[in-house]
Amino acid sequence: MLKTAYSTRGLTANEIVAIVRAWQSGALSRDSMLDILGRGEALPEGRTNEEEVRLIAFRKPEPAPV
């Protein structure tokens, strides 16, 4: 079960996997996932969710032509 208190600093790899899986399954919103990862020091300090989403979109490779 996912923790409901996210004050722990420095998430373990297993915790990160659990958080991402919860997001993928629809149990968490993207913003909630990013907030948890940020508080767990898995994302750069001070980066907003909007900045992270823009960076993710920017880094996505273009689909190969068919």
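Where a number appears in this text, it was derived from the coordinates with a stated rule and is not lab data. Computed from a predicted structure; not experimentally measured. Backbone-built Cβ (ideal geometry, glycine too); neighbour counts: all protein chains shown.
See the values below:
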{"read-out": "Environment charge at Ile56 (Cβ cut-off 12 Å; Lys +1, Arg +1, Asp -1, Glu -1)", "value": "+2"}
{"read-out": "Furthest towards positive pole of dipole, Leu43, Ile16, Gly26, structure part the stretch 13-59, Cβ charges", "value": "Gly26"}
{"read-out": "Per DSSP, loop trypsin sites (Lys or Arg not before Pro) in the stretch 17-66 with at most 13 further Cβ within 10 Å", "value": "Arg47"}
{"read-out": "Long-range HN-HN contacts of Ala42 with modeled amide H, under 5 Å", "value": "Leu11"}
{"read-out": "Taking only Cα atoms of the stretch 13-59, radius of gyration then Dmax in Å", "value": "10.5, 27"}
